[in-house]
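Data block below; observations after.
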Amino acid sequence: TDTNAELDDRARQLDREHVFHSWSAQAGLAPLVIASGRGSRVWDHAGNTYLDFSSQLVNTNIGHQHPSVISAITEQAQILTTVAPAAANLTRGEAARRIVRRAPSRHNKVFFTNGGADANENAIRMARLHTGRDTVLSTYRSYHGNTGAAVVATGDWRRVPNEYARGHVHFFGPYLYRSEFWATTPEQESERALRHLERVIQSEGASSIAAILLETIPGTAGVLVPPPGYLAGVRALADRYGIVLILDEVMAGFGRTGRWFAFDGYDVEPDLITFAKGVNSGYVPAGGVIISDEIAADFDETVFPGGLTYSGHPLAMAAIVGTLDAMDAEGIVENAATIGRDHLAPGLAALAEKHSIIGEVRGEGVFWALELVADRDSREPVSGAVVGRLKKELLARGLLPFTADNRIHVVPPAIVTADEVAEALTTYDEVFSLDLS
Ligand code: PLP
């Protein structure tokens, strides 16, 4: 109706007048209005509906407006909407218990944060205090968040204008499609990337290095699934040189890969695990660090010098309890695995077979990237203009995509159905069939 269309206009107008957006030049923005949603779909006030194959910022693993998570938040809101972090609170304890239950057995404590960046910030702090060392090694192809140390640990362009924290060194992780190591097989890539990392450790001086911080599967950088042996090799290097291994599971964790943690699929156990996003699908902001017993014990008698007013906020904790229980009860992690194996893997492979713009398909579960190239032999990335055009055409057909650099990330919620995947594949196929020049 007209009234609803007016609400969309009003949302756009207020946004343009008063809302300052992330990572953007503010002039010329024309954000999509999203008023509500359910499951894998979102819509504006006028009722234009989109199949959400972005999961927003790859966080709504349980889909939009899951009724049992909404009930959990609503019930908590009736009881206690906020509480100081120093208090003991039952909902917070229940959330922590559910999280550590899924972690390796030597991890029994959770420090709650507001999101992923401050989870990494605090994990870095713990690693520095634990080792008495400064340097944090992380990869060039990574995103760890937008705060002091987390953004400098980040590898991509967002680090550069924010480089005020000291003690960060970057290295190259494995990425066979664009290998830094002239590798032609996954085994070679893994072996050479490990050799490179060991040389960086030795060259920086092992006794100065507090932590290696890695996304288990680098997400925003392109869903870079690590080759066989790489993560186990990093663990071995961390052990050899007395370095804390932090795995950032903010995007990859809580069902995205079809496993609770992405690292469950590899022969590796981190010392610190950072999480956010999928733990409660972002219904209320939350993140945290899952701490090994050994590192937690450092702070038995010594004060931990960190804290947040909203650490373990009851509404966020209720959303975690509701989310993890619903994921269990409804087999949502298993659904992500099945959808990945039986629908997305073959469906995206068929798209790549048909459309030469797709240079590589990578991923697992509901965590995939299509690497788009102007030329399959040279692997030259498509231009930003081509990605912009694709995005516009997908939106026009009712699919909300996730794009990054020369890629489309296919990242629906973990509750996505086979029918919804089929619908999305048809839409991708249609837009890849257009003349995009
Ligand atoms: N780490 C990873 C792997 C991420 O993908 C993100 C966000 O995209 C973050 C950390 C930062 O999380 P937040 O935006 O909640 O601070």
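Just so it is clear, none of the values below were taken in a lab; they were calculated from the coordinates. Keep in mind it's a predicted model, so treat the numbers as computed, not measured. With ideal geometry, Cβ positions are generated from the backbone for all residues, glycine too; neighbour counts draw on all protein chains shown.
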_So if I take the centroid of the Cα atoms in region 91-123 and the same for region 242-314, what is the distance between those two points in Å?_
5 Å
*For ARG102, which sequence-distant residues (separation of 5 or more, or a different chain) have an amide H within less than 5 Å of its own amide H, given hydrogens modelled in the peptide plane?*
none
*Net dipole in debye of the chain [+1 Lys, Arg Cβ; -1 Asp, Glu Cβ; about Cα centre; nearest 20]*: 600 debye
*May I ask you to sort LYS392, LYS109, LYS277 by Cβ crowding, counting other Cβ atoms within 10 Å and putting the fewest first?*
LYS392, LYS109, LYS277
*Determine the equivalent ellipsoid of region 280-437 by diagonalising the alpha-carbon gyration tensor, then write out the semi-axes as square roots of 5 times the eigenvalues, largest first, rounded to whole Å.*
38, 20, 16
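Highest first, please rank the peptides 361-370, 315-324 by the mean number of other Cβ atoms sitting within 10 Å of their residues.
On the way: 361-370: 24.3, 315-324: 26.6.
Ranking the peptides 361-370, 315-324 by packing returns 315-324, 361-370.
Could you list the square roots of 5 times each eigenvalue of the Cα gyration tensor of region 67-330, that is, the equivalent ellipsoid semi-axes, sorted largest first and rounded to whole Å?
Ellipsoid half-lengths, sorted descending, are 32, 20, 16 Å.
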*Can you work out D for region 381-437 in µm² s⁻¹ from Stokes-Einstein, where Rh is the Kirkwood radius over C-alpha pairs, the temperature is 20 °C and the viscosity is 1.002 mPa s?*
181 µm²/s
*Are there chymotrypsin sites (Phe, Trp or Tyr not before Pro) in region 13-101 that DSSP marks as loop and that have at most 10 other Cβ atoms within 10 Å, and which are they?*
PHE20, TRP23
*Any number yet on Rg/Rh for region 246-345, C-alpha, Kirkwood?*
1.03
*For LEU370, which sequence-distant residues (separation of 5 or more, or a different chain) have an amide H within less than 5 Å of its own amide H, given hydrogens modelled in the peptide plane?*
ILE408, HIS409, VAL410
*If you find the alpha carbon centre of region 378-421 and of region 1-60, how far apart are they in angstrom?*
17 Å
*Kindly provide the helix-only [θ] at 222 nm of the chain, computed as the sum of -39,500 (n - 2.57) over DSSP H runs of four or more divided by all residues, to the nearest 500 deg cm²/dmol?*
-12000 deg cm²/dmol
*If we sort 267-273, 341-347 on the protection proxy, mean other Cβ atoms within 10 Å, highest first, what's the order?*
267-273, 341-347
*Name the residue farthest towards the positive end of the dipole of region 67-330 from the options THR216, LEU315, ALA150, assuming +1 on Cβ of Lys and Arg, -1 on Cβ of Asp and Glu, about the Cα centre.*
ALA150
*When the scattering of region 1-145 is computed by the Debye formula from its Cα atoms alone, each counted once and equally, what is log10 I(q)/I(0) at q = 0.13, 0.16 Å⁻¹?*
-0.97, -1.23
*For region 5-21, in order, what is each residue's ³J(HN,Hα) by Karplus, 6.51 cos²θ - 1.76 cosθ + 1.60 with θ = phi - 60°, in whole Hz (x at glycine and Pro)?*
4, 5, 5, 4, 4, 4, 4, 5, 5, 5, 4, 5, 7, 10, 9, 9, 9
*Peptides ranked, highest mean first, by Cβ atoms within 10 Å: ranges 155-163, 249-257*: 249-257, 155-163
